[in-house]
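Notes to accompany the following structure.
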Amino acid sequence: MPSVRRQVAALTAVLALSVTGGAVISPAFADPRATEKTPTATGYGGAVSTVDPDASAAAIEVLRKGGNAADAAVAAAATLGVTEPYSAGIGGGGYFVFYDAKTGGVGTIDGRETAPAAMPHDAFIDPATITPANPAGSPYRFTPELVTSGVSVGVPGTPATWQRALKRWGTLSLGDALKPAIQVADRGFVVDDTFRQQTLDNKLRFEAFP
């Protein structure tokens, strides 16, 4: 079995990357100073970073068992779909970026959601609001009708993205890559304050499904 070090040292995968940035302008009088970077940890054999301990642990376990970075990225992303359902999961989409340090090549998969092929142009208009005085009608309320119902749901791209990434760069099947996430879902996980608050914030949406 190939060592984790050989596989991961050459490969880095980043899943569902979404960056929002703004330019920061330094004052003209600022004195640029060289910053000495001091590593807080060093190691070999690869590294994993996610927003959730269970997702990171899932990816690390995949690497320890001989999987590569693509395998670990899918395992981590799938686990995030369990522990971070408000920002990740199989019902959405994202991007998969894969870098091969040996060749310098970069591969990407665009797995963002798309509108259903049969979606009409007036899908967001409530037919009950169309009258002679208002022939164009009025849109549904954003919450909970549009944001919660199937009207505004795009076709998910995440499952196909994972499967394609594993076929192109990974060593695991999709079923095997999903096992860590399934285990977390079966045993349960600790809900943090953010998860609790997000659940409370979505109370109105949940009430639409008594």
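Which of the following residues is touching a strand residue (DSSP E or B) at 6+ places or on another chain (Cβ under 8 Å) and either surrounded by 11 or more Cβ atoms within 10 Å (Cβ to Cβ) or assigned to a loop (DSSP other than H, G, I, E, B) (or both): 205, 168?
Checking each option against the conditions leaves just 168.
Run residue 136 past the list (1) under 30 Å from residue 205 (Cβ atoms); (2) assigned to a loop (DSSP other than H, G, I, E, B); (3) within 22 Å of the chain's Cα centre (by Cα) and report the number of the one that doesn't hold.
(3)
Looking for something outside the structural domain of residue 71 (by TED's automatic domain parsing) and either assigned to a helix (DSSP H, G or I) or on the phi > 0 side of the Ramachandran plot (or both) - is there at least one such residue anywhere in region 172-186?
The answer is no, given that none of the residues of region 172-186 is outside the structural domain of residue 71 (by TED's automatic domain parsing) and either assigned to a helix (DSSP H, G or I) or on the phi > 0 side of the Ramachandran plot (or both).
Given the residues 109, 90, which is the only one that is touching a Lys or Arg at 6+ places or on another chain (Cβ under 8 Å), under 30 Å from residue 182 (Cβ atoms) and modelled with pLDDT of 90 or more?
Every option except 109 fails the conditions.
The values are calculated or read from the model by the stated rules, or taken from the named source; none is laboratory data. From a predicted model like this one, the values you see are computed outputs, not experimental measurements. FYI the Cβ positions are ideal-geometry reconstructions off the backbone, even for glycines, and counts take in every protein chain you see.
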